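Single-structure report; data block below.
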Amino acid sequence: MRFAIRTFGCQMNVYDSDRIRDILMAAGMDPAGTGDAIPGDVEACCDVFILNTCSVREKPRQKVVSAISRARAANPGVTVVVTGCVAQLEPETLVGIGADVVVGPDHYAELPELLGLNLERGTETVPRRTDVVRITGADEVPSFLMASPETMSERGAVSCFVPIQKGCDNWCAFCVVPAARGREVTRPEHEILEECRRFLDAGARELFLLGQNVNSVRLPGGFPGLLEQVAALPGLLRVRFTTSHPRDCSPELARAMARLPRVMPWLHLPVQSGSSRILAAMGRRYTREHYLELIDLFRREVPGIAFTTDVIVGFPGETEDDFEDTVDLVQKVGFEGMYSFMYSPRPGTRAATLPDPVPQEVAASRLSRLQGLHEAQVPRLLERYRDLAVEVLVEGPSARDPRHASGRNPQNVVVNFEVAEGVEVASLRGRVVSVLILEVRTHTLFGRMIASEKA
């Protein structure tokens, strides 16, 4: 039996898709494709089509609805499985529009059993669709999956995601994550370190620690203490983490990043808005001034650090002055990357009931302006790397030109580069090489390899 997975949303979903792949392969199934760039007609050549979903905004949710329809049209006999946040929040809706199996984030280990039940559905033994719906109840404690040494899909990958917590206790006014992923639960420390070791033993050189708010993990040494333990693991070259909540970001974290050379000088710190008034309405529990103080703190403590962020435009009640505060903050900080979106009302959130919605055309205009300003700003920011030799962890060939190699510098900027004469790109994978930066290309850098340094 062949399966394919299409993934929507965040890094946690990417990790979950890889674990689903491990589980199904261990059960004897064969992958037909995975990721968000699988062939468009994969539904027609697989027996099981899995949609791992995101519900943070309405647009990814609508993509799932369309994908179910396309799968049914391409292959009427395919078994459609929906996992992820939409599965947890809207199981009956999904069954109603054609999903055969619906599984929330804490029940992926049951997928082989549920697929077996689906094959029997319609017999006297299993007569109801609801027999193949599994979601997490309010009284259930979330569990964590573990990468399988035998089948793990990251075997040989240079960079791997490692979840350190699930859920969220912040309940921001716009966000469905606490409803979809549950209350915040910290993964046991020994599990985190064990999975890190598994990835490193399989060839990973960079670990990416994941959580909705990594700074609030409930461990004896807090998040800085965990970073220290991970950074000491044999075989590791680099460690990164996301996401940090500005309310819980601490001087201790800045000092740990400065002290630990394997922790990269990059911080994803979602601001959401540059207006203190809107931040209060969002329930973010910090101000514009606090955020800017954090930026100054990390710049003082961590030389060369780069910042990236998330911004929501058009939140209910946002005035032109509020939006100008956001524009001003983005220009002041100088984010080398920014994920920006129009506010999207999500069912069951406080923001969905707030008065004074921003007209769609106004929000769209604001978003376009903000993105235009950022697009113009990024190349100027990246000029700081020109004519410098930077360390690049090589991930593989460049997507543009397979004769060139590609990787990321410590600040998480993609670097494509010409390899040294007589060097095969494949031989550099997983190595840190020194690259002289010659060009800035919008969001990426281009250079020429100087030397190979670490493996």
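The values are calculated or read from the model by the stated rules, or taken from the named source; none is laboratory data. As the structure is a computational prediction, the values presented were derived from the model and not from experiment. Here the Cβ is made from the backbone with ideal geometry for all residues, glycine too, and neighbour counts use every protein chain on show.
Remarks
- Scanning segment 403-412 for residues that are within 16 Å of Val158 (Cβ to Cβ) and in a loop (DSSP other than H, G, I, E, B) returns Asn409, Pro410, Asn412.
- Residue in segment 253-266 that is out of contact with any Ser or Thr (no Cβ under 7 Å at 6 or more places or on another chain), closer than 21 Å to Gly211 by Cα, not in a loop (DSSP other than H, G, I, E, B) and not hydrophobic (A, V, I, L, M, F, W, C) present: yes
- Here Ser250 passes the criteria (1) out of contact with any His (no Cβ under 8 Å at 6 or more places or on another chain); (2) buried (at least 20 other Cβ atoms within 10 Å of the Cβ); (3) among the hydroxyl-bearing types (Ser, Thr, Tyr) except the one numbered (2).
- The listed residue being farther than 30 Å from Ile450 by Cβ, of a type in the set (A, V, I, L, M) and not assigned by TED's automatic domain parsing to the domain that holds Ile437, out of Leu381, Leu373: Leu373
- Residue ranges of strands (runs of 3 or more DSSP E) in segment 1-96 with at least 2 members buried (at least 23 other Cβ atoms within 10 Å of the Cβ): 2-7, 48-53, 79-84
- Some residue of segment 193-216 being over 16 Å from the mean Cα position of the chain (by Cα), farther than 19 Å from Ala147 by Cβ and at pLDDT 95 or above: yes
- Some residue of segment 333-349 being in contact with a Lys or Arg (Cβ under 8 Å, 6 or more places away or on another chain), among the small types (Gly, Ala, Ser), in the same structural domain as Ala280 (by TED's automatic domain parsing) and surrounded by 13 or more Cβ atoms within 10 Å (Cβ to Cβ): yes
Let's see how each residue does on (1) of a type in the set (Val, Ile, Thr); (2) at pLDDT below 95; (3) at negative phi; (4) in a loop (DSSP other than H, G, I, E, B):
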position	(1), (2), (3), (4)
Gly348	no, yes, no, yes
Val358	yes, no, yes, yes
Leu370	no, no, yes, no
Glu375	no, no, yes, no
Arg384	no, no, yes, no
Glu395	no, no, yes, no
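- Any hit, segment 273-285, residues being of a type in the set (Lys, Arg), in the same structural domain as Asp322 (by TED's automatic domain parsing) and assigned to a helix (DSSP H, G or I): yes
- Among the residues of segment 256-280, those that are surrounded by fewer than 21 Cβ atoms within 10 Å (Cβ to Cβ) and either aromatic (Phe, Trp, Tyr) or within 12 Å of Phe315 (Cβ to Cβ) (or both) comprise Arg277, Ala280.
- Given (1) within 21 Å of the chain's Cα centre (by Cα); (2) touching a residue at least 12 places away in the same chain (Cβ under 8 Å), number of the condition Arg255 does not satisfy: (1)
- Sole residue being assigned to a loop (DSSP other than H, G, I, E, B), under 23 Å from the mean Cα position of the chain (by Cα), modelled with pLDDT of 95 or more and not polar (S, T, N, Q), chosen from Pro246, Pro224: Pro246
- Taking (1) farther than 30 Å from Leu370 by Cβ; (2) at pLDDT 95 or above in turn, Met257 satisfies each apart from (1).
- Residue identified as closer than 25 Å to Arg366 by Cβ, at pLDDT 95 or above and out of contact with any Ser or Thr (no Cβ under 7 Å at 6 or more places or on another chain) among Ile305, Ile295, Ile312: Ile295
- Here Met338 clears all of (1) within 30 Å of Val86 (Cβ to Cβ); (2) of a type in the set (A, V, I, L, M, F, W, C); (3) touching a Cys at 6+ places or on another chain (Cβ under 8 Å) except the condition numbered (3).
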